[in-house]
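The values are calculated or read from the model by the stated rules, or taken from the named source; none is laboratory data. Not measured: the values here are computed from a predicted model. Cβ: placed from backbone, ideal geometry, glycine included. Neighbour counts: every protein chain shown. Areas reflect the complete protein model, heavy atoms only, side chains present, ligands, DNA and RNA absent. Shrake-Rupley method; radii C 1.70, N 1.55, O 1.52, S 1.80 Å.
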Amino acid sequence: MKKTKHILTKKQWQVFNIIKSFIVEHKESPTVAELREYLNVKSLRTVTEHLDALEKKGLIDRKSTRLNS
């Protein structure tokens, strides 16, 4: 995966940190539904948009469910 400069929005940082903390605690990645609950948003699409941005910026790999940092 191509690495890019990690310029994130505040919400993208929040999502990334939730994912990192969740993996440390549970030894697996959170589901989109779990992320939606943590972020307190109604739409799964909102979550997937943040995940798409993190993946595009090279911080996560959703195919392997691992962090790239």
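Taking the stretch 27-43 as the range and being open to solvent by less than 80 Å² (accessible area, probe 1.4 Å) and not charged (D, E, K, R) as the test, the residues that pass are Ser29, Pro30, Thr31, Val32, Ala33, Leu35, Leu39, Val41, Ser43. Of all residues in the stretch 2-57, exactly one satisfies the criterion of being at pLDDT below 95 and at positive phi, namely Lys27.
Could you list, in sequence order, all residues of the stretch 44-57 that are open to solvent by 80 Å² or more (accessible area, probe 1.4 Å), of a type in the set (Asp, Glu) and either more than 22 Å from Ile7 (Cβ to Cβ) or in contact with an Asp or Glu (Cβ under 8 Å, 6 or more places away or on another chain) (or both)? Result: no residue meets the conditions. Among residues of the stretch 26-54 that are more than 16 Å from Leu8 (Cβ to Cβ) and in a helix (DSSP H, G or I), those with a beta-carbon under 7 Å from a residue that is among the charged types (D, E, K, R) and open to solvent by 30 Å² or more (accessible area, probe 1.4 Å) at least six positions away or on a different chain give the pairs Leu44/Arg36.
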